[in-house]
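Please read the structure below before turning to the comments.
The values are calculated or read from the model by the stated rules, or taken from the named source; none is laboratory data. What you see is a predicted model, and the numbers here were worked out from it, not measured in a lab. Neighbour counts run over all protein chains shown; Cβ positions are idealised from the backbone, glycine included.
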Amino acid sequence: MTDKSNKQLSTDPYKGVRDFYPEDQAIQNYIFATWRKAVESFGYNEYNTSILEPAELYRAKSGEEIVNEQTYTFTDRGEREVTLRPEMTPSVARLVAAKKRELSFPLRWYSIQNFFRYERPQRGRVREFWQLNCDMFGVDSTSADVEVIQLAYNIMKSFGARDGDFKIYINNAKLFRENINGKLLDTELFPKAKKLIDSIQKISKEEFDVEWSKISNQQFDRSIAANTEIETILSQLKMLGIENVEYNPILTRGFDYYTGTVFEVYDTNPENRRALFGGGRFDDLLSLFGGEKVPAVGFGMGDVTMRDFLEVRGLLPQFTSPAQLYIVNAGVSAEQLLTRATEIREKGIRVATDLTTRKIGDQIKKAVKDAVEFVVVLGENEITSGEVSIKHLASEKEEKVRIAEIADYIKGF
RNA sequence: GUGGCUAUAGUUUAGUGGUAAAACUCCGGUUUGUGGAACCGGUAUCGAGGGUUCAAUUCCCUCUAGUCACCCCA
């Protein structure tokens, strides 16, 4: 510290993480509240886990390399390897596996928590993000897949999105794997093939063909026919009125634990090219913890892409102050001011007072800037007469009202 | 992690090898018991460090951060 004592601290946040000023936090709260309302309407229960997990939880599933390079992992004072969770799925699998005998299946569980990934930041990708995770455990029929996708659809609708604003793509991991493996020289080439197919939009057809010919002696045909499982899900979703869903035979998800249906929700606006949601069925994951399998299907969606989506569509809510009433101080005692505010609060109105001696105009300006709904000026005249002018700032409507009736006036406005 | 681009006041931007300009915002003041207006004043070690030069905000290098592409996307 000694040689740095003169150096000013930076006001920037740590690389890739965000500060949430009140306006940002209000948006964040709106997103969380909308998520919560939508998932609870499907009967999902909220759970939570610690942000810290033993590193081996991720090594088991994702491999050494990804833990070392893509996560925040450190050694604690007891020589334990600790990771800041980069995702929720292993944690929730751990919870379910731990109490498999006492939980009453099927489970519908959700959480809204923050995650850390050591990646190079850019639009739609930061190092700390929040994610809604929804999972259903214990149902292996496609009706669970249908419900989970319906839930994803409903979340989008509850943000005010129209069907044309987003598109749901579904595929089946097993079908995909079997079809691709059938064409490969060796099934060990599957990861390479998957990666290549994933990049099909980004590279030229010639380039693709050259790469493909290295791992297969058959033509690549992207029109793999859907199987009955996919057809069932699609037709059930259509029965539920969900039309913007489509089978995508080359949809893959990054990790290998998906055993059946996989799906992604995309913004149709070209400015936001990242997936808004991703999920699928992972029936084998709980076997990491021993014991029998538990069928599971779920998805995650992040706050960053959701916010980008809402911004581009103009669906963000207007920021408003938590205070409904701002009391401007026109030269009354602090005691008067605080007492009056307290009386109004006791009637259920959220009140902020101006504790400065600034000019009335400036105090009102402050209320306007904070987007408070109502303002009253409290001076000696008002105390004496027991009557104030209450102004609704948005409409500029101003009325005389008794101090004792301010709360009722606001409630009845 | 690799490569490209960018970095000037709180914000958006101008500008120059001779230590910087505008608009808006913000803060303070004058006038006005109500969001306004007018006027006055204030706010920049030109992202950080180093090099070239008599002189660097300007040219060069490194770093940091942002952004785009790659990678990855659990």
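General observations
- Within the set A:Glu373, A:Glu396, A:Glu380, the sole residue that is farther than 20 Å from A:Leu355 by Cα, out of contact with any helix residue (DSSP H, G or I) (no Cβ under 7 Å at 6 or more places or on another chain) and not aromatic (Phe, Trp, Tyr) turns out to be A:Glu396.
- Count - residues of region A:168-188 that are in a helix (DSSP H, G or I) and farther than 30 Å from A:Ala152 by Cα: 3
- The residue list A:Lys391, A:Lys365, A:Lys369 contains one member that is within 10 Å of RNA strand B (Cβ to nearest atom), under 24 Å from A:Ala26 (Cβ atoms) and either in contact with an Asp or Glu (Cβ under 7 Å, 6 or more places away or on another chain) or not charged (D, E, K, R) (or both), which is A:Lys391.
- Test: residue in region A:248-257 that is surrounded by fewer than 18 Cβ atoms within 10 Å (Cβ to Cβ), away from RNA strand B (no atom under 16 Å from the Cβ) and not in a helix (DSSP H, G or I): no
- Scan of region A:89-105 for residues that are hydrophobic (A, V, I, L, M, F, W, C) and in contact with a helix residue (DSSP H, G or I) (Cβ under 8 Å, 6 or more places away or on another chain), ordered by number: A:Ala93, A:Val96, A:Ala97, A:Ala98, A:Leu103
- Residues that are away from RNA strand B (no atom under 16 Å from the Cβ) and more than 28 Å from A:Phe137 (Cα to Cα) do not occur anywhere in region A:231-242.
- Some residue of region A:350-372 being within 39 Å of the chain's Cα centre (by Cα), at positive phi and surrounded by fewer than 19 Cβ atoms within 10 Å (Cβ to Cβ): yes
- Contacts under 6 angstrom Cβ, first residue in region A:355-371 being aliphatic (A, V, I, L, M), partner surrounded by fewer than 16 Cβ atoms within 10 Å (Cβ to Cβ), 6 or more apart: A:Ala371/A:Phe319; A:Ala371/A:Thr320
- With respect to (1) away from RNA strand B (no atom under 11 Å from the Cβ); (2) at pLDDT 85 or above; (3) closer than 29 Å to A:Gln28 by Cα; (4) surrounded by 14 or more Cβ atoms within 10 Å (Cβ to Cβ), the lone exception for A:Val375 is condition (1).
- Checklist (1) surrounded by 13 or more Cβ atoms within 10 Å (Cβ to Cβ); (2) over 16 Å from A:Gly300 (Cβ atoms); (3) free of Cβ contacts under 8 Å to residues at least 60 places away in the same chain applied to A:Tyr58, failing item: (2)
- On the stretch given as region A:107-135, residues that are within 8 Å of RNA strand B (Cβ to nearest atom), in contact with a helix residue (DSSP H, G or I) (Cβ under 8 Å, 6 or more places away or on another chain) and not acidic (Asp, Glu) total 6.
- Odd one out for A:Ala296 among (1) buried (at least 22 other Cβ atoms within 10 Å of the Cβ); (2) more than 20 Å from A:Val96 (Cβ to Cβ); (3) touching a helix residue (DSSP H, G or I) at 6+ places or on another chain (Cβ under 7 Å); (4) not charged (D, E, K, R): (2)
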